[in-house]
Amino acid sequence: MICLFLSIFAYIFQSGWTGVNERTFIAVKPDGVQRKLVGEILHRFERKGFKLVGLKLVQASEELLREHYWDLRSKPFFTGLLSYMSSGPIVAMVWEGLDVVKTARKMMGETNPADSLPGTIRGDYCVEVGRNVIHGSDSVESAQKEISLWFHQNELQCWENSANHWIYN
Ligand code: DAT
Ligand code: MG
């Protein structure tokens, strides 16, 4: 019930989610799906203690990808980025938890896998910037925009995590 109320509040006032209810948009890119990294990536976020609230396998349209990467439209790699991102299915996810946006970025590593530390997803599973297997929102504001771009409100689940008492004090 509280979850439903927060959901309606966040939707109407576009206030986003804060504290333990912060949300981020994570996507396993087509190379991550092809290379069978979906389970491993899900596993890392689950084990960390974040809560999964949305999950789907999608073939992204060019229109959606253009909007998703609109800030990068003037970059020389933009066209290549769109064709890479539309080259196969993507696993789109929404994860929830305290500081999830910043923490997910740390778990992912740097944009260029060569700069990513071992132990991060990009540090462990990829080599080139143009095939860096995962996307994660870079701020709470972009998370809000990306979640509403990739998911309908009714695709996000409100559920009580029975492990919450063991994750938050
Ligand atoms: P991030 O995905 O870490 O948020 P970004 O938003 O700057 O990085 O760029 C989006 C994606 O664009 C990135 O994951 C891979 C691609 N990209 C970025 N810089 C690139 C480059 N110099 N050459 C090729 N692709 C690049
Ligand atoms: Mg980015």
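Can you order the peptides 55-65, 41-51, 134-144 by their average number of other Cβ atoms within 10 Å per residue, highest first?
Details: 55-65: 13.6, 41-51: 16.8, 134-144: 19.0.
So the order, starting with the most tightly packed, is 134-144, 41-51, 55-65.
What is the calculated FRET efficiency for N169 to D138, with r their C-beta to C-beta distance and R₀ = 35 Å, to the nearest 0.05?
Details: r = 28 Å, r/R0 = 0.81.
FRET efficiency, N169 to D138: 0.80.
What list do you get for S87, S74 if you sort them by fewest beta carbons within 10 Å?
Ordered from fewest to most neighbouring Cβ atoms within 10 Å, S87, S74 come out as S74, S87.
Straight-line reach from K51: which aspartates and glutamates have Cα under 17 Å away, leaving out those fewer than 8 places along the same chain?
Counting by Cα, and skipping residues close in sequence, K51 has these aspartates and glutamates nearby: E22, E40, E96, D99, E155, E160.
Could you give the size of the charge dipole of segment 25-73 about its Cα centre, using +1 on the Cβ of each K and R and -1 on the Cβ of each D and E, expressed in debye and rounded to the nearest 20? Walk me through the numbers on the way to the answer.
Numbers: 10 positive and 7 negative charges, 65 e Å.
Its charge dipole is roughly 320 debye.
Longer than 20 Å from Cα to Cα, which of K29/K56; K48/K145; K36/K102; K48/K102; K56/K145; K56/K102 are they? Say none if no pair is. Could the numbers behind the result be given before it?
On the way: K29/K56 12 Å; K48/K145 24 Å; K36/K102 25 Å; K48/K102 13 Å; K56/K145 17 Å; K56/K102 22 Å.
Over 20 Å apart, Cα to Cα: K48/K145; K36/K102; K56/K102.
Among S86, L37, L55, which residue has its Cα furthest toward the positive end of the charge dipole of the chain, with +1 on Lys/Arg Cβ and -1 on Asp/Glu Cβ?
It is L37.
Rounded to the nearest 500, what is the 222 nm mean residue ellipticity of the chain from helices alone, with -39500 (n - 2.57) per DSSP H run of 4+ residues and division by all residues?
-11500 deg cm²/dmol
Under 13 Å from a point 7 Å along the Cα-to-Cβ line of L64: which residues of segment 92-111 have their amide N that close?
92-94
So, in nm, how far is label L117 from label L149 when the simple model puts each one 7 Å beyond its Cα toward the Cβ?
Once both label points are built, they end up 2.9 nm from each other.
Roughly how big is the chain's charge dipole about its Cα centre, with Cβ charges of +1 (Lys, Arg) and -1 (Asp, Glu), in debye to the nearest 20? Intermediate values should be presented prior to the final figure.
Values: 18 positive and 19 negative charges, 53 e Å.
Approximately 260 debye in magnitude.
All of the numbers you see were taken from the coordinates with simple rules; none came from a lab. Nothing here was measured: the structure is a model prediction, and the numbers come from that model. We place every Cβ from the backbone using ideal geometry, glycine too, and count neighbours over all the protein chains shown.
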